[in-house]
Amino acid sequence: MKGKFVKAPNKLFDKFSTYFPYSTVDVVIREHNSIILAKRTIPPYRHKWNLPGGVVFKREKLSDAAIRVAKEELNLVVKLDGFLGVYENTMRTRHDISHVFVASVKTGNIVRDFQSSEVKLFKRPPKDMVPYQKKIMSAANKFAKSLGSGQC
């Protein structure tokens, strides 16, 4: 189902994390044998490099959420190339169960949103990257090699 989804008010969204994990998506966007990362301006992981990602809304398909997140966060229309897997991230304040897709850019020029201070291409995970996403980036590089397209 595509279209507008109702976002929970911030207070309710934050309260939810006290009791339940979030179902999220992360998108490994490949461009020129590298992966697009954004430096976060907001918690969690402020000032860390991360993959575009976000919460899946009620009645939203996982694949649609991945496409939406790429558009919202980077202004990119992407083609999903494959499903990488499910990764779990438990923090003191939150618990995310992330469904990770590998994608390539179809159209668009990168325009970052309020969540990022900068966007860059990386061949390898930078030292100041969100810890659990370093594993995702390594798995994405193996995925790219299996497709015969070399390192992301």
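No lab work stands behind these numbers, since they all come straight from the coordinates. Every value quoted in this text rests on a predicted model; they were computed, and no experiment measured them. Note that we place each Cβ from the backbone using ideal geometry, even for glycine, and neighbour counts take in every protein chain shown.
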Self-check item: strands (runs of 3 or more DSSP E) contained entirely in region 17-59, each with at least 1 residues that are touching a His at 6+ places or on another chain (Cβ under 7 Å) and surrounded by 15 or more Cβ atoms within 10 Å (Cβ to Cβ)
Solution: 22-31, 34-40
Quiz item: Going through region 94-131 one residue at a time, which ones are in a strand (DSSP E or B), exposed (fewer than 14 other Cβ atoms within 10 Å of the Cβ) and charged (D, E, K, R)?
Solution: K106, E118, K120
Practice problem: Considering only region 115-140, state which residues are in contact with a Cys (Cβ under 6 Å, 6 or more places away or on another chain) and free of Cβ contacts under 8 Å to residues at least 12 places away in the same chain. | Solution: none
Quiz prompt | Subset of region 65-87 (residues that are in contact (Cβ under 8 Å) with a residue 60 or more places away in the chain and under 13 Å from the mean Cα position of the chain (by Cα)) | solution = Y87
Quiz item: Across region 18-40, what is the number of residues that are more than 19 Å from L121 (Cβ to Cβ) and over 10 Å from the mean Cα position of the chain (by Cα)?
Solution: 6
Quiz item: T41: in contact with a strand residue (DSSP E or B) (Cβ under 6 Å, 6 or more places away or on another chain), of a type in the set (S, T, Y) and more than 23 Å from G108 (Cα to Cα), yes or no?
Solution: no
